[in-house]
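S.K.: My questions will all concern the structure given below.
Since every read-out is calculated from the coordinates, none of them should be taken as a lab result. None of the values given here were measured: they were computed from a predicted structure. Here Cβ is always computed from backbone atoms with ideal geometry, including for glycine, and neighbour counts include all displayed protein chains.
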Amino acid sequence: MIWVTWRQHRLEGAWSLLLVAAIVLCLGIVIYEAGHPGCPAGARNADFCLPNNAGGLLAQQIMRFNLVQYGLVVLPALAGAFVGAPLVAREIENSTLRLAWTQGVTRTRWIIAKLSLLFILLMCAAALVGILEVILINSMGSQANHWNWFDQQAPLTVAATAFALALGVASGAVIGRSIPAMAATLIGVVATRFSLAVFARAHYMSPVLFTSHDPNSLNGTLGATPAAWWLDEPSFRDASGQTINQIDALSQIANLSPADAITYLRDHGISIVQYYQPADRFWTFQSIESGILLVLTAALLGFAVYWVTRRVT
Amino acid sequence: MALVEFHLDPTSGVSYYVQLIQQVQQALLFGILKSGDRLPTVKEVSAQVALNPNTVLRAYRELENDGLVLSRPGLGTFVTATIPPAVAPANYRLLRADLERWIRKARARDIDDSQLAALFAHVLRENAEEVVA
Amino acid sequence: MISPVQATGLGKRYGRTWALQDYSIRVPAGRIAALVGPNGAGKTTFLHLAAGLLRPTVGEVRVFGRSPQEHPLLLLDRVGFVAQDTPMYGDFSVADMVRFGRELNSHWDQEAVETRLQRLNIPFDRKIGRLSGGQRSQVALTMALGKRPELLLLDEPVARLDPLARREFMQGLTEAVAENGTSVLLSSHLVADLERVCDYLVIINGGRVQVAGDIDELLAAHRLLVGPRTHEGDRPPGVEVVRAQHAERQSSLWVRGKVSTLPNGWREEPVPLEELVIAYLSVPAAGTLPKPQLEVA
C-alpha cells in the first residue's frame, strides 16, 4: 500500500514538501544569522540581532514580514484540508472506491495504511518546523518569550497537524465530496484551535496573581517575572480585594514622587494586580493543549476508520 | 494460425452451436478440412467469434458423436471422417441448375423474391434441425 | 459444484426505498450469466452486494458459499469486479494501474496481464484518462482478470462502447473464460450480445427476480401462440401465460410450457431471446421462482 498511497497522493505530498522546505529554509537562515556576532549600531537588544551582511538582511526581511510565523499557524489547517479531506472524499465522488475495495485488501487495511503513511510524514514535518521554531526563539536571548509564539512550536505543531488531518479525513469520509469537506475541515480546525486559544488556554493551570505597590509596574516591564504570559490588564485593588477605579487611584498619587507613591499605596492597602502564567509553565501548557488535541485526534481517527469500514456504501 | 474461421449469423434463427456444426460439415464437404486436420481450439473459436465456450464445446461434442471428429485430451480435436474429396464443381453445377429451375417456376406463378427467400429459409431451417436431431 | 453466486430472500433498502426485494437465485458454476432488467431494477445493487461493497438489509447473498461480510479477504482474492463506467484513476498511466493491481492483490499474474495488454496494443505509458472507451474497458477487464478470479462480476461493461469495441471486449471475455473456466455474471441491456456470450439468464424487474435459467432451456420452454381473439379468462391448458396482447381479431399469447394440441386456427412459434426478455419486462408481475436452498461452504 505504500507505493499506492504515495502514487495517489504524490501531488499533495510534493506541495507539502515544498512548503515545509521553504519554511525550514527561512527558519534556518534566521537561526544561522542570529548566531553570528556583529550587530549594527543601535540594535534594540544586544542579545538578539541580525548582522547587516547579505544573509543577515535576508534574515531581517524574513522576520519583518512574519510570513513564516503566520505560515506555521495555518499550516496544520491547510494540511488537514488539502491532504486529509480529499483522502477518502475524492475516492467517494469519483467512485474509485468500487475499484479500491474490490482488490485484495480489506477496507480496514486500506484506510489504516493510507492514514499511517500520511500521518507519519506530516507529523515529522510538523515536528521539524516546530523544533526549529523553538531553536529560533531560544536564539533570541533575553527577549525570547516562548508564550508569544505558542501555536508555532513543537509539540503543539505536531498535535495540531494530527488533529487537522484527522478532522479532514473524518469530514471527507462523512461528507463524501472534496470541496465541502475541505471547507468543513478549515472551519472546524480554526474554530477548535481558536476556542482553545481564547477560552481554554489561560486556564490550564490556575493563573498566578502578581501583586505590587509600584506604579511603574503598570508599564508591564516586570524584571522579576520575565517571559511570562500576561492574561489581562493591570488593575488597582483595595485592602479587601475590591477593584478600585484606576483613574481615581492614579489621581491620588499624581503629585507624589515615585518612592512616596509606593509608600502611599502600601499604607492605604492599595495594590496593583495582574494575572499571569509564569515562564516555567510554558512546556506544561504546550503538553496540555497538545494532549487535548491528540485525544480529539484519536477520537476522530477511530470514527473515521469506523465510518469507512462500516458505513460508506 | 487456425485452419478455418467461423461466422455466426444472429438472424438466421439457427442455434449457434448448430451453425458451427454446419460450417464444419460444409468445410469437410468442400475439402477445406481433411481427415487428420486439427480443428481450432475451443478457446480460439470463442475468441474469434465472441461465443460462449460451452456452446463451442457442445458443437464439438455433437460432431464427435456423429463420428466426424475425435477429441484427444491435451492435443486438440481432429477430423476423422473419411469423406471423399469434394466433387464441388459437379455438385455445384447440379445444384445450381436445380435452383434456377425452381426460381423460374416460382416467378411464373408470380411469387416475389421476398416470399421466395422466406420459403427457402423456412424449409432450410426445418431441414437443418432434422439433420442434427 | 458450489454456486458462485446465490441469494435467498435478499433485500436492500436505501432510506425508504427498496432497491431490491426478495431476490432468490442460484447461478450455476462455469456459466456466463446475464443480468437483464430496466434501469433502477436493482442490477447494480445486486452486483455490489455480491462484490461485498454493500451489506444486505435482509436476507443473504453468498459467493462460493460464503458471505462477503464474514470472509472479505477470501472472496476479494477470488472475485474480480468491474463497476459501471469502469472507475479508475485518470492520472495513472496504464503501467501505474497494473502496478496498483499487483500491489493490492496476492495472486497476481503480471506476465499474463502484460501479454494481454500488449496483444491489445494498449500503450503502457498512456494515461487512463486519455484512453478510448474500448481501450479503457479492456484495461479494466485485464485488471479484473489479473488476479485469476474464479468469478467475474461486470456491471454494464459494454454500455458505452461502439460495436467494434463491444465485439473486442466480448472476444476477450469469452477467451478468458475458455482459458480459465471463470464464472461470469454481467449486467447488460444489449440482448444481441447476450445470446452469443451468455448461457444463463436472470431477468429482474421492479427489484424482483422474474426469471432465472439456462438460456437454451428458457428458449425451449417458451412459445408464442397466435390465434383468433380470446377473452381475458381463456387460457390454453397446461401452460402459463406470461404476456397476452389482443388486437381486434387476433390474440397473441407468450406462454411458458408445452402445448399438447393446438386448437384450430392457432399457430405456434418459437420466441427469440430478445422477445422473451421484452415479454417479461413488460409484465412485471409475471414469473415466480421457488427459493433455492442456500449452500453454505
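S.K.: What lysines does B:LYS34 reach when the alpha-carbon gap must be under 30 Å and sequence neighbours fewer than 8 apart in one chain are set aside?
M.R.: In chain and number order, the partners are B:LYS43.
S.K.: Taking R0 as 35 Å, what FRET efficiency do you get between A:ASP214 and A:ILE187 from their Cβ-Cβ distance, rounded to the nearest 0.05?
M.R.: Details: r = 46 Å, r/R0 = 1.31.
Computed FRET efficiency for A:ASP214 and A:ILE187 comes out at 0.15.
S.K.: Further question on the same structure: For C:LEU190, what is the net charge nearby, where nearby means another residue's Cβ is under 11 Å from its Cβ and Lys, Arg count +1, Asp, Glu -1?
M.R.: Values: positive: C:ARG166, C:ARG196; negative: C:GLU156, C:ASP193, C:GLU195, C:GLU274.
Surrounding charge for C:LEU190 is -2.
S.K.: Tell me the trypsin sites (Lys or Arg not before Pro) within segment C:132-162 that lie in a loop according to DSSP and have at most 16 other beta-carbon atoms within 10 Å. Spell out each step's value before the answer.
M.R.: Numbers: sites: C:ARG136, C:LYS147, C:ARG160; in loops: C:LYS147, C:ARG160.
Filter output for segment C:132-162: C:ARG160.
S.K.: Averaging the inverse of every distinct alpha carbon separation and then flipping it gives the Kirkwood radius. What is it for the protein assembly as shown, in angstrom units? Walk me through the numbers on the way to the answer.
M.R.: Working: mean 1/r = 0.0304 Å⁻¹.
Hydrodynamic radius (Kirkwood, Cα only) of the protein assembly as shown equals 32.9 Å.
S.K.: Sticking with this one: Length gain on complete extension for the stretch A:MET1 to A:ASN138, per 0.36 nm per residue less the alpha carbon to alpha carbon distance?
M.R.: Working: separation 137, 0.36 × 137 = 49.32 nm, distance 4.08 nm.
Full-extension gain reported as 45.2 nm.
S.K.: Another one. With r defined as the distance between the Cβ atoms of A:ALA54 and A:ALA259 and R0 fixed at 41 Å, what FRET efficiency is calculated, to the nearest 0.05? It would help to have the intermediate numbers written out before the result.
M.R.: Numbers: r = 51 Å, r/R0 = 1.24.
With a Förster radius of 41 Å, E is 0.20.
S.K.: Separate question: Counting only other chains, what is the mean number of Cβ atoms within 10 angstrom of the Cβ of each residue in peptide C:139-149?
M.R.: The mean count of partner-chain Cβ atoms within 10 Å per residue comes to 1.
S.K.: Could you put A:LEU50, B:LEU94 in order, starting from the residue whose Cβ has the fewest other Cβ atoms within 10 Å?
M.R.: B:LEU94, A:LEU50
S.K.: With Cβ to Cβ distances under 13 Å as the rule, what net charge do the other residues near C:GLY257 carry (K, R +1; D, E -1)? Before the final figure, lay out the partial values.
M.R.: Working: positive: C:ARG223, C:ARG235, C:ARG256, C:LYS258; negative: C:GLU217, C:GLU240, C:GLU268.
Counting the neighbours of C:GLY257, the net charge comes to +1.
S.K.: Still on this structure, please answer the following. By the scheme Lys and Arg +1, Asp and Glu -1, what is the net charge of all other residues having a beta-carbon under 11 Å from that of C:ILE122? Intermediate results must be reported in sequence, preceding the final value.
M.R.: Values: positive: C:ARG116, C:ARG119, C:ARG126, C:ARG136; negative: C:GLU114, C:ASP125.
That sum, taken over residues with Cβ under 11 Å, equals +2.
S.K.: On the principal axes of its Cα set, how long, how wide and how thick is segment C:220-282? Give whole Å, largest value first.
M.R.: Largest first, segment C:220-282 extends 26, 26, 18 Å along its Cα principal axes.
S.K.: Find how many whole Å separate the alpha carbon centroid of segment A:50-78 from the alpha carbon centroid of segment C:80-97.
M.R.: Here the answer is 44 Å between Cα centres.
S.K.: Between C:ARG148 and residues 5 or more places away or on another chain, which pairs have amide H atoms under 5 Å apart, with H built 1.01 Å from N, and which residues are they?
M.R.: Here C:ASP109 satisfy the definition.
S.K.: Let me ask another. When the Cα centres of segment A:89-133 and segment A:162-212 are compared, how far apart do they sit, in Å?
M.R.: One Cα centre to the other: 21 Å.
S.K.: Estimate the FRET efficiency between B:ASP98 and B:GLU64 by the formula 1/(1 + (r/R0)^6), using the beta-carbon distance for r and 45 Å for R0, to the nearest 0.05.
M.R.: Here the calculated transfer efficiency is 0.85.
S.K.: 222 nm [θ] for chain C, helices only, -39500 (n - 2.57) per DSSP H run of 4+, per residue, to 500?
M.R.: Calculated at 222 nm, the ellipticity per residue is -9500 deg cm²/dmol.
S.K.: So in the protein assembly as shown, what percent of DSSP beta bridges are antiparallel if you round to the nearest 5? Don't skip to the answer; put the middle values down first.
M.R.: Working: 53 of 70 bridges.
Bridges in the protein assembly as shown are about 75 percent antiparallel.
S.K.: Same structure, new question: Averaged over its residues, how many other protein chain Cβ atoms are within 10 Å of peptide C:25-35's Cβ atoms? Walk me through the numbers on the way to the answer.
M.R.: Details: counts 0, 0, 0, 0, 0, 2, 2, 4, 0, 0, 0.
The per-residue average across the peptide is 1.
S.K.: By how many degrees, between 0 and 90 and to the nearest 10, does the Cα long axis of helix A:156-175 differ from the longest principal axis of chain A?
M.R.: Here the helix axis deviates by roughly 40 degrees.
S.K.: Also: If you average 1/r across every pair of different Cα atoms in chain A and take the reciprocal, what Kirkwood value do you get, in Å?
M.R.: Working: mean 1/r = 0.0444 Å⁻¹.
Taking the inverse mean of 1/r over all distinct Cα pairs, chain A comes out at 22.5 Å.
S.K.: Between 0 and 90 degrees, rounded to the nearest ten: what's the tilt of helix A:178-195 against the longest Cα principal axis of chain A?
M.R.: That helix lies at roughly 20 degrees to the long axis.
S.K.: Based only on the alpha carbon positions, what is the Kirkwood hydrodynamic radius of segment B:1-85, in angstrom?
M.R.: Details: mean 1/r = 0.0777 Å⁻¹.
One over the average 1/r among Cα pairs gives 12.9 Å for segment B:1-85.
S.K.: Given N residues in segment B:88-132, what is Rg(Cα) / (2.2 N^0.38 Å)? List each step's numbers first, then the result.
M.R.: Values: Rg = 12.5 Å, N = 45, 2.2 N^0.38 = 9.3 Å.
The reported ratio for this selection is 1.33.
S.K.: Continuing with this model, one more query. In terms of Cα to Cα distance under 24 Å, which lysines are near enough to C:LYS258, apart from those fewer than 8 places away along the same chain?
M.R.: C:LYS291
S.K.: For a quick protection proxy, order the peptides A:178-184, C:182-188, A:275-281, B:123-129 by their average other-Cβ count within 10 Å, most packed first.
M.R.: Working: A:178-184: 19.0, C:182-188: 24.1, A:275-281: 16.9, B:123-129: 12.4.
Descending packing order for the listed peptides: C:182-188, A:178-184, A:275-281, B:123-129.
S.K.: Here's something else I'd like to know. Convex hull over the alpha-carbon atoms of chain C: what's its volume per residue in Å³?
M.R.: Numbers: hull volume 45.0 nm³, N = 297.
Here the figure is 152 Å³ per residue.
S.K.: Let me ask another. Only bridges whose two residues both fall in chain C count here: according to DSSP, what percent of them are antiparallel, nearest 5?
M.R.: Numbers: 36 of 53 bridges.
Counting DSSP beta bridges with both partners in chain C, the antiparallel share is about 70 percent.
S.K.: Could you size up the charge dipole of segment A:77-177 around its Cα centre, putting +1 on the beta carbon of Lys and Arg and -1 on that of Asp and Glu, and report it in debye to the nearest 20? Don't jump to the answer; show the numbers that get you there.
M.R.: Details: 6 positive and 4 negative charges, 99 e Å.
It comes to approximately 480 debye.
S.K.: Once the Cα atoms of helix B:53-65 and of chain B are each reduced to a long axis, what angle between those two axes, in degrees from 0 to 90 to the nearest 10, is obtained?
M.R.: Helix B:53-65 sits at roughly 80 degrees to that axis.
S.K.: Once both labels are modelled 7 Å past Cα along the beta-carbon direction, what's the C:ARG119-C:SER282 spacing in nm?
M.R.: Once both label points are built, they end up 4.2 nm from each other.
S.K.: Also: Can you spot the lysines whose alpha carbon is less than 28 Å from C:LYS127's alpha carbon? Ignore those fewer than 8 places along the same chain.
M.R.: A:LYS114, C:LYS147
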